[in-house]
Structures are given as C-alpha cells and as structure tokens.
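The structure under discussion appears below in the form of structure tokens.
The values are calculated or read from the model by the stated rules, or taken from the named source; none is laboratory data. Nothing here was measured: the structure is a model prediction, and the numbers come from that model. Counting neighbours? That spans all protein chains shown, and the Cβs are built from the backbone with ideal geometry, glycine included.
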Amino acid sequence: MRHFLLMVLLCLAISSVGQTGEKVYFIRAAKLYDPVTNKFLANQDIIVRGRKIEKVGPGLKKPEAAEEINCKNCTITPGLIDAHTHVLTIQRMKDQLEEDILQHSDIERTLRAVSICKSYLDAGFTTIRDLGNSGQFLDMNLKRAIQKGWVEGPRMVISGPILSPEDGQFSNLSSHNNYVIDHEYRVIKNVEDARQAVKDHIARGVDVIKVVMGDGRITLSLEEVKMIVQTAHTYGLKVTAHATYDQVIDRALEAEVDGIEHGYGIADSLLEKMARKKIYLVPTIGNHDAYTRLFKDNEKELTPEEQQGLKSFIENSEAIVKKAIEKGVMVVNGSDMYLFSKIPQGEAAKNTLDTYFEACHNPADVLKTATLNAAIACGLDGFTGIIKENMAADIVAFEGDLEKDFLTSLYKVKLVMINGVILRR
Ligand SMILES: [Zn+2]
C-alpha cells in the first residue's frame, strides 16, 4: 500500500512538472480563417498551450505567464498543407525525370531535400505529403530526422516508393539503366503482388499509398488497383492515384481510390462521379506567371505553338478547378513543384494557390484546399487543418488581409508555428 501511494505521488509530481513546463501563447488576430465555416472571422484570440490549441474566440482573457503575440495587422490561418510534393527529386526541363537519380546519390538527394523542407517552412507550410520519387524510403529517413529535431522541416506524410506499372515513370530509359526503375518504384507484377506491395509498404511505416496508373505503354489493371485499395483500406491507409487522362482516371475511380492526382483535362462526367463517390482531386497546376518563370529558370524558349498550347492548358486547368468546386468535388492543394526553380521550392509551390484563386476568385475556397481538405487527404483531419480546441497548434500569420488582398498577403509570412513551437517569426 505504501508503495502504491508513493507511485501515485510520483506520478502526480511528474505530471505537474509537465504542466508547468508547457509554453503558453496568447495570439491576438485581426482576422482568422476558419475552414469549417469557410469564413474569415474578425478579432479572434487564440490560446496555445504546449503542443495544442486550448481555446479560440473573441475577447479571451490572456492567461497569466502567456507570451502575447500581437497579430493585429495579420490574417491567421491553420498551417498550410501541400498535399503533393517530391522533395527528394528535382528535374531540369532539359532532362528526363530519371536524370536526377542517375546523377545524385541518396545522400546528396537527402541533404538537398533538407533545404527544400526549410523553404516550405519559410513559405508557411506546416505539413507536406510527399508522394514518391524518393528512392528507397529516403522520405522515411527525412521524416524521422525532422521528428527527432535533427533538421528543420514541416510535418511529413509519406508514401515511400510509388506503386507502378513495369516502366515506373521512365519510358525512355536505355536498357543498361533499367535498374533505376526498381530504385525509385515498386513495380506491380500482378494482383497478388499488388497486395504484397501494400503490405510491405505498411510494414515499413508509410502513411499513404501512392499509385501511378500509367502514362505510357503500360497501365495498372482494374483488378490490381482494386487489390491495392482493398488492402490499404483494411489497414486504414488512403490510396491516391496519379492519373492523367480519362481512361485511367475512370479506372482509378472504379477501384475506389481516395484521391486523384493531376486529373489533367478530366471530363465533367468524371468530376460528377468523383463528387458522388467523395473522391478528392489534387489539381497540380500553375498559372502563366509561374510557367513563364520556370521556363526562364530552365533556359527553355517556347515556340509560338508551344505558348498557345500552354495558354489553353492553363485555361482548361483553371476551368476544371472552378467546375470541380461548383460540382462539390473536394479540391486539395498540391503543387507537384519538383521542377528546377531559382526561387525556393516552398515559395514556388504557393503558386498553385494563386492559380486556384484565378480559377475561383474566392480566397476562402482556396485556403480550404490547403487546410481542412488537405488535412483530410493526408488522413490528419481531427489533428491539424483547423484552428480549434485540442487541435495541434499549427498556425501561420500572414501580414495584411488575406480575404481582401489574397495574392499579396499570401507571400508575406510573419509567423509559423508547428505543434506549438514557433519556427519562423
Ligand atoms: Zn507528382
């Protein structure tokens, strides 16, 4: 009995140390974006205690010992999420996708990714979902290094190697370089192998399953994708599918994937099917300014025909974003910013949000794609993506008024907090 009491006292002592050691912040926000109501709320206060948000609302009392952060000239949002990144790969436009892998070791790619992760923090992203082209689980190594505090970066949701048809995404390889397919992808040979691949990935600790339906000569079959989805769902993981034309988009929808990545030129009927089946869309697109800058950075001149092609691609893509939102498809922010860029990747990634804004002209709808919707796609809803009680304290402050001046304010990040820790101020 005496031992029992001693244990109880010890436990109480330990927990009170934990309580008092927690950092408390009191944030006064001129405006706060709430993805649940999809509205901007004026004059909100936020109390952050430890890793969590303790309270949000107007006219809160500042707790004693709280550090006050005055955001009277700012708009506060939940930490931004980019649900489609490849931080371990960079492609120059003149090169094939595999060139980076042939030229750089795993260590070089990982060290480079550290600086890319920092650029995401600078830009206000507190979570990224990294969808492959990361060697053999380099994404896992990086995620663990960030979790351990060895390097700075956003929270990572990772897929490990992409599950793909036989050619991965390298359809122009010379035969002596075929080994890079197995370095980058998990090739699916048949239905039983599809099940094994998902189980192997889950055993390694991935957070999401990414499949490439196939862009070229060979594609995954309906039965293979169904098996991937069934197995992943049995273990509570989502499946997201790189699908770039209607035939394979429809096959992925039939297989009940959770999301479609890219969906370039998707037909209205398939958007309607997505809305019905509650499958999200990640439109990885940029606007004219972004593509012009990327072409310049990559020293690529466009012919007049190419310029015309680009113009119609952008117009068509923006129309799809607008239609998707109108039809009730959950649109999720994903930049796919793996192209060589002279500005930091994190900043370049934000152009996707500019593009969504050009498509729908509604700052609230755009922010929803990068907060609550992206949190759902990442399987992190109920944890991040909203500023409310008991959620992780993932908070970003933008100078100015995001509601009225979206395109300017979005690039003026004043504060970045992840799990109650201020990483940028
Ligand atoms: Zn991608």
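Selection of the range 391-401 for residues being of a type in the set (D, E) and either in contact with a Gly (Cβ under 7 Å, 6 or more places away or on another chain) or not in a strand (DSSP E or B) (or both) yields D394, D401.
This table checks each residue for (1) in contact with a Leu (Cβ under 6 Å, 6 or more places away or on another chain); (2) in a helix (DSSP H, G or I); (3) of a type in the set (S, T, N, Q); (4) modelled with pLDDT of 95 or more.
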site: F4; (1), (2), (3), (4): no, yes, no, no
site: L9; (1), (2), (3), (4): no, yes, no, no
site: T37; (1), (2), (3), (4): no, no, yes, yes
site: N43; (1), (2), (3), (4): no, no, yes, yes
site: V48; (1), (2), (3), (4): no, no, no, yes
site: E64; (1), (2), (3), (4): no, no, no, no
site: D95; (1), (2), (3), (4): no, no, no, no
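The sole residue among N172, N177 that is surrounded by fewer than 17 Cβ atoms within 10 Å (Cβ to Cβ), over 19 Å from G214 (Cα atoms) and touching a residue at least 40 places away in the same chain (Cβ under 8 Å) is N177. Inspect the range 159-182 for any residue being closer than 25 Å to G385 by Cβ and either of a type in the set (A, V, I, L, M, F, W, C) or touching a Pro at 6+ places or on another chain (Cβ under 7 Å) (or both) and give the result as yes or no. Yes, the range 159-182 contains a residue that is closer than 25 Å to G385 by Cβ and either of a type in the set (A, V, I, L, M, F, W, C) or touching a Pro at 6+ places or on another chain (Cβ under 7 Å) (or both).
Selection within the range 237-251: residues that are more than 15 Å from the ligand (Cβ to nearest atom) and in contact (Cβ under 8 Å) with a residue 40 or more places away in the chain. The member of this set that is surrounded by the most Cβ atoms within 10 Å (Cβ to Cβ) is K238. On the stretch given as the range 125-160, residues that are part of a loop (DSSP other than H, G, I, E, B) and within 16 Å of the ligand (Cβ to nearest atom) total 7.
Of everything in the range 252-283 that is assigned to a loop (DSSP other than H, G, I, E, B) and in contact with a Leu (Cβ under 8 Å, 6 or more places away or on another chain), the residue that is surrounded by the most Cβ atoms within 10 Å (Cβ to Cβ) is G263. Taking first residues from the range 25-42 that are within 14 Å of A393 (Cα to Cα) and partners that are of a type in the set (K, R) and in a strand (DSSP E or B), the Cβ contacts under 9 Å between residues at least 6 apart in sequence or on separate chains come to Y25/R49. Residues that are away from the ligand (no atom under 15 Å from the Cβ) and under 11 Å from the mean Cα position of the chain (by Cα) within the range 80-105 comprise L80, I81, listed in sequence order.
Okay, residues lined up against (1) in a strand (DSSP E or B); (2) within 16 Å of the ligand (Cβ to nearest atom); (3) crowded, with 19+ Cβ neighbours inside 10 Å; (4) over 20 Å from the mean Cα position of the chain (by Cα):
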{"site": "A324", "(1), (2), (3), (4)": "no, no, yes, no"}
{"site": "V329", "(1), (2), (3), (4)": "no, no, yes, no"}
{"site": "M337", "(1), (2), (3), (4)": "no, yes, yes, no"}
{"site": "E347", "(1), (2), (3), (4)": "no, no, no, no"}
{"site": "K368", "(1), (2), (3), (4)": "no, no, yes, no"}
{"site": "G379", "(1), (2), (3), (4)": "no, no, no, no"}
{"site": "G382", "(1), (2), (3), (4)": "no, no, no, no"}
{"site": "K388", "(1), (2), (3), (4)": "no, no, no, yes"}
{"site": "E403", "(1), (2), (3), (4)": "no, no, no, yes"}
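Taken over the range 259-284, the criterion of being in contact with a Ser or Thr (Cβ under 9 Å, 6 or more places away or on another chain) and within 16 Å of the ligand (Cβ to nearest atom) is satisfied by G259, I260, E261, H262, G263, Y264, Y280, V282, P283, T284. Number of residues in the range 215-244 that are at pLDDT 95 or above and either over 22 Å from the mean Cα position of the chain (by Cα) or more than 23 Å from T85 (Cβ to Cβ) (or both): the value is 14. Does at least one position in the range 120-130 carry a residue that is farther than 19 Å from I343 by Cα, surrounded by 21 or more Cβ atoms within 10 Å (Cβ to Cβ) and either among the charged types (D, E, K, R) or in the same structural domain as L41 (by TED's automatic domain parsing) (or both)? Within the range 120-130, one or more residues are farther than 19 Å from I343 by Cα, surrounded by 21 or more Cβ atoms within 10 Å (Cβ to Cβ) and either among the charged types (D, E, K, R) or in the same structural domain as L41 (by TED's automatic domain parsing) (or both). Determine whether K414 is surrounded by fewer than 24 Cβ atoms within 10 Å (Cβ to Cβ), modelled with pLDDT of 95 or more, part of a strand (DSSP E or B) and over 16 Å from the mean Cα position of the chain (by Cα). Answer is yes for this residue. Output yes when any residue across the range 296-311 is crowded, with 18+ Cβ neighbours inside 10 Å, of a type outside the set (S, T, N, Q) and either part of a helix (DSSP H, G or I) or within 16 Å of the ligand (Cβ to nearest atom) (or both), and no when none is. Within the range 296-311, not a single residue is crowded, with 18+ Cβ neighbours inside 10 Å, of a type outside the set (S, T, N, Q) and either part of a helix (DSSP H, G or I) or within 16 Å of the ligand (Cβ to nearest atom) (or both). The set of residues in the range 135-155 that are over 23 Å from L102 (Cβ atoms), touching a residue at least 40 places away in the same chain (Cβ under 8 Å) and either touching a helix residue (DSSP H, G or I) at 6+ places or on another chain (Cβ under 7 Å) or not assigned by TED's automatic domain parsing to the domain that holds H201 (or both) comprises E152, P154.
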